Amino acid sequence: MPIYTAPNGFEPVQRRDGLPYAGAVREYPIATGYATQLRRGDLVFLLSTGALVKWAGTTGVYTGGADTTADAGILGVFMGCSYTDAVLGKTFRTYWTASTAAADAMAMVVDDPDVIFRAIYVSSGVTVSAQTYAATIGKNVAVVQNTTKTQTSDIAITGAATTATLPFRVVDVDRDSAASATTYTALFITYGITFHAWTVATGVA
């Protein structure tokens, strides 16, 4: 695999128990007219209405958006959606176009808290920054919410540290992304123990 030159969202690759990710997703409703773009590889969470929305945070548990009580953890990674289009009929997309009117819209989400994702490490924005194994293994990382693409995600990770409010934990480097003998542009990450919707004590309010 070539060295990554730009971030491309969170890509599920494996489970913590070592089994490969087999493509499992769960469906969640998207409110008709939801006005934020959702792209394959973006993070999402649930509102108290049960509708899915983009998680736009970087550290901690995000409480923004339309529901300030949506502090029950990140639900997972958006992989695509389906809805009935007035012209095309039943439609499947790897992205949700902002403000689409569809009463039956459903998102497909990787919501398994034990999934490991591949994510690109950046110094800031979309500037890729190769890292060593020693500098990142076991560290927590922040999310960088880039929005330079419309159909595929370009969110990334940064700021490897021991800080408890950083939502993802580095479990390995992607050795296929080697930029040199000792540095890598992609890391394998999983959720911090208190950041996934199915593992935190607080329910969706």
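Confirm whether V144 is of a type in the set (V, I, T) and under 17 Å from the mean Cα position of the chain (by Cα).
Judged against the criteria, V144 is a match.
Only residues that are farther than 14 Å from I116 by Cα and assigned to a strand (DSSP E or B): list them for region 4-27, please.
Passing the criteria: R26, E27.
Could you go through region 188-205 and let me know if any residue there is at pLDDT below 95, in contact with a Ser or Thr (Cβ under 6 Å, 6 or more places away or on another chain) and buried (at least 22 other Cβ atoms within 10 Å of the Cβ).
no
Are any residues in region 187-201 closer than 24 Å to Y121 by Cα and polar (S, T, N, Q), and if so, which ones?
Matches in region 187-201: T190, T194.
Suppose we filter region 48-72 for residues that are modelled with pLDDT of 80 or more and either in the same structural domain as G125 (by TED's automatic domain parsing) or under 19 Å from V110 (Cβ atoms) (or both); how many remain?
Within region 48-72, residues that are modelled with pLDDT of 80 or more and either in the same structural domain as G125 (by TED's automatic domain parsing) or under 19 Å from V110 (Cβ atoms) (or both) number 8.
Residues in region 146-159: is at least one farther than 28 Å from C81 by Cβ, touching a Ser or Thr at 6+ places or on another chain (Cβ under 7 Å), surrounded by 19 or more Cβ atoms within 10 Å (Cβ to Cβ) and in contact (Cβ under 8 Å) with a residue 40 or more places away in the chain?
No - not one qualifying residue is present in region 146-159.
Hey, does region 112-130 have a residue that's hydrophobic (A, V, I, L, M, F, W, C), part of a strand (DSSP E or B) and touching an Asp or Glu at 6+ places or on another chain (Cβ under 7 Å)?
yes
Restricting to region 107-135, count the residues that are hydrophobic (A, V, I, L, M, F, W, C), out of contact with any Pro (no Cβ under 6 Å at 6 or more places or on another chain) and closer than 18 Å to E27 by Cα.
Within region 107-135, residues that are hydrophobic (A, V, I, L, M, F, W, C), out of contact with any Pro (no Cβ under 6 Å at 6 or more places or on another chain) and closer than 18 Å to E27 by Cα number 3.
Going by the structure shown, is V115 surrounded by 17 or more Cβ atoms within 10 Å (Cβ to Cβ), free of Cβ contacts under 8 Å to residues at least 60 places away in the same chain and of a type outside the set (S, T, Y)?
Considered against the rule, which asks whether it is surrounded by 17 or more Cβ atoms within 10 Å (Cβ to Cβ), free of Cβ contacts under 8 Å to residues at least 60 places away in the same chain and of a type outside the set (S, T, Y), V115 comes out as no.
Residues that are closer than 30 Å to S99 by Cβ: find the strands (runs of 3 or more DSSP E) completely inside region 138-195 holding 2 or more of those. Steps first, please.
Numbers: elements: 140-144, 156-161, 168-173, 186-191.
In region 138-195, 140-144, 156-161 are the strands (runs of 3 or more DSSP E) which contain 2 or more residues that are closer than 30 Å to S99 by Cβ.
Take A135 and decide whether it is without any contact (Cβ under 8 Å) to a residue 40 or more places away in the chain and assigned to a helix (DSSP H, G or I).
Numbers: without any contact (Cβ under 8 Å) to a residue 40 or more places away in the chain: yes; assigned to a helix (DSSP H, G or I): yes.
Yes: the conditions hold for A135.
The values are calculated or read from the model by the stated rules, or taken from the named source; none is laboratory data. What you see is a predicted model, and the numbers here were worked out from it, not measured in a lab. Positions of Cβ are generated from backbone atoms using ideal geometry, with glycine treated the same way; all protein chains shown enter the neighbour counts.
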